[in-house]
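The values are calculated or read from the model by the stated rules, or taken from the named source; none is laboratory data. Computed from a predicted structure; not experimentally measured. Every residue, glycine as well, gets a Cβ built from its backbone with ideal geometry; the counts of neighbours run over all protein chains shown.
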Amino acid sequence: MKKNVNSSFVSTNNPLPLYFQIKEDLRSKIESGQLKEGTYLPSEFKLMEQYNVSRPTIRQAVDLLCQENYVEKQRGIGTLIKGVHPVFRNLNDLLNFNEEAQEKSFSFSTEVLDFQVVPANKILEDIFGKKESSFYKIKRLRFLEQKPAELVTTYIPKSLISNLEDFDLSKRSLFEVLAEEEGIQIGHAEKMLKAVNAADEDAHLLKVEPNAAVQFVKTITYNTDGRPIEFSYAMDTNMFSHFKITVTRNPIDSSKVK
């Protein structure tokens, strides 16, 4: 027999784990103000009763809220609601990670996990064309406020810069190096976003639960001449940012509607 879970947002029929659903329900209540910043979460026993689940399930949910900086456990007192307000990243602005962090007054750092030269494959050929035969592959873990925020893998044609390995990409922006060393200026970028579940290795690096929901962002960046110069895909924990885009309504010409 399935448990009767007492919440309109939590269901045993949902394929997501109960602790994750409960975390999302509590997060939603914090963001909406139903659970107020500066107050404390209900006790574990009250949450167990509210959701009709075990203590380990509640603890997993609260631990995730702690990881996402919505609450803070205070020993002997309770779990304080911090009510973190997400920082919106405008998709219309083409800023690199360092520029965005500085603009929002966040402390930031980057760890280079892997740096190698790899041959072209079908995906890279489709983006850059068959003339590019080798690429730099750079895997970086980015931190905001000392917490993992983004795991990004980047490909750059080796023809753009022959000595990229000479530069410390944990200290300098990749686009900064390309601009200052090779005179390459960024023109525009195409981004594709979707929600995915973090694989075990990615979850470990980002310090989230395996299979936790993260934002997947795929980017192709072009120079001012319209040539693709960079391809990357990133896992964003969404701890510090929500994405925002401005759209314009273009009325349909009624004469063309059948």
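Scanning the stretch 124-134 for any residue that is of a type outside the set (S, T, N, Q), on the phi < 0 side of the Ramachandran plot and in contact with a helix residue (DSSP H, G or I) (Cβ under 9 Å, 6 or more places away or on another chain) turns up at least one such residue. The residues of the stretch 109-144 that are among the charged types (D, E, K, R) and over 18 Å from S173 (Cα atoms), listed by number, are K122, E125, D126, K130, K131, E132.
Need a quick list: strands (runs of 3 or more DSSP E) entirely within the stretch 33-133 having at least 2 residues that are at pLDDT below 95, more than 22 Å from the chain's Cα centre (by Cα) and under 30 Å from P17 (Cβ atoms). Steps first, answer last, please.
Values: elements: 71-74, 78-81, 87-90, 108-119.
Correct list: 71-74, 78-81.
Given the structure, is E176 at pLDDT below 95, charged (D, E, K, R) and surrounded by 13 or more Cβ atoms within 10 Å (Cβ to Cβ)? Walk me through how you get there before you give the answer.
Numbers: at pLDDT below 95: yes; charged (D, E, K, R): yes; surrounded by 13 or more Cβ atoms within 10 Å (Cβ to Cβ): yes.
Criteria met by E176.
Taking I81 as the residue in question, decide whether it is over 22 Å from P148 (Cα atoms) and aliphatic (A, V, I, L, M). It is false that I81 is over 22 Å from P148 (Cα atoms) and aliphatic (A, V, I, L, M).
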